[in-house]
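A quick write-up on the structure given underneath.
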Amino acid sequence: MKVKLSPSMACADVSSLGQQLLELAEAGADLFHFDIMDGQFVPNFGFSIDIIRALRPLTQVPFEVHMMVEDPGRFTSEIVRAGADIVVVHAEATRHLHRTLQEIRHHGAKAGVAINPATPLSFIQHVLPLLDEVVIMTVNPGFAGQPFVPEAVPKITELKDMIKFQQHHIDIEVDGHIGPSTVSTLLEAGANVFVLGTASIFKSGSTPAELLPKFRNIMEKTAAEIV
């Protein structure tokens, strides 16, 4: 599958969010990653639906909304109406996962599931036919800048084999401390969508739009070496 880069807008400069979005779209972002957090499922707060609605007219690049909230099914229809192209819910936060994924698809968006580092793939093996994307968390969710969890890597390989065995076409996304030191391991394990934050493109001294093409070059070079 094609390697895709998804800047995490939670790491962007909030005072110039729209401008950074436009610059990253011009620099070649494949999609944009938005975290919605409720202070309960994770101990932090993220973007609101209104912010996604306000930013949506600025670009045609797909919006991926990562719902780190309890009972996300309450908000899926509104998230899609606000402009989400992909809605990702956490398996750990969803009492009726199958129903929630069906509702996301019913409202016209692609459906994704995220699982935390300690969550086994058995949580999602029976909903793979409803999925367009699985997000493997490579940090514990809620805050930027956390250390990489290496135990997530074999889970990616296991998921890749599971998808192949069931003959599905599902993106494998990784979210958390994605940078030059981790990308080779993640590519080799089978990930193809990478959420980019403070370990890659949101760094002091350069703009995210300057660093995105450089990171893509690193990814492409690394992928070619693996093949």
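The table below gives the values:
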| read-out | value |
| --- | --- |
| Flag for residue 200 being assigned to a helix (DSSP H, G or I) and under 24 Å from residue 151 (Cβ atoms) | no |
| Near pairs, Cβ below 7 angstrom, 6+ apart or cross-chain, from the range 110-122 (hydroxyl-bearing (Ser, Thr, Tyr)) to any residue that is modelled with pLDDT of 95 or more | 119/91; 119/92 |
| Residue ID - nearest to residue 186 (Cα to Cα), chosen from residues in the range 89-140 that are among the hydroxyl-bearing types (Ser, Thr, Tyr) and at pLDDT 95 or above | 138 |
| Residue, surrounded by the fewest Cβ atoms within 10 Å (Cβ to Cβ), within the range 139-155, restricted to residues that are hydrophobic (A, V, I, L, M, F, W, C) and either touching a Phe, Trp or Tyr at 6+ places or on another chain (Cβ under 6 Å) or in a helix (DSSP H, G or I) (or both) | 153 |
| All positions within the range 15-47 that are among the polar types (S, T, N, Q) and either touching a residue at least 24 places away in the same chain (Cβ under 8 Å) or farther than 21 Å from residue 202 by Cα (or both) | 20, 40, 44 |
| Complete set of residues in the range 8-65 that are of a type in the set (S, T, N, Q), in contact with a strand residue (DSSP E or B) (Cβ under 9 Å, 6 or more places away or on another chain) and surrounded by fewer than 20 Cβ atoms within 10 Å (Cβ to Cβ) | 44, 48, 59 |
| Lone qualifier among 157, 207, 198, 222 - being at pLDDT below 95, more than 16 Å from the chain's Cα centre (by Cα) and of a type in the set (S, T, N, Q) | 222 |
| Test: residue 82 is closer than 19 Å to residue 172 by Cβ and without any contact (Cβ under 8 Å) to a residue 40 or more places away in the chain | no |
| Unique match (being buried (at least 19 other Cβ atoms within 10 Å of the Cβ), without any contact (Cβ under 8 Å) to a residue 60 or more places away in the chain, in a helix (DSSP H, G or I) and hydrophobic (A, V, I, L, M, F, W, C)) among 211, 187 | 211 |
| Of all residues making up the range 80-138, the number that are of a type in the set (Val, Ile, Thr), under 26 Å from residue 183 (Cβ atoms) and surrounded by fewer than 23 Cβ atoms within 10 Å (Cβ to Cβ) | 3 |
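The values are calculated or read from the model by the stated rules, or taken from the named source; none is laboratory data. Quantities reported herein were computed from a predicted structural model and do not represent experimental measurements. So basically every Cβ, Gly included, is an ideal-geometry build from the backbone, and we count neighbours across all protein chains shown.
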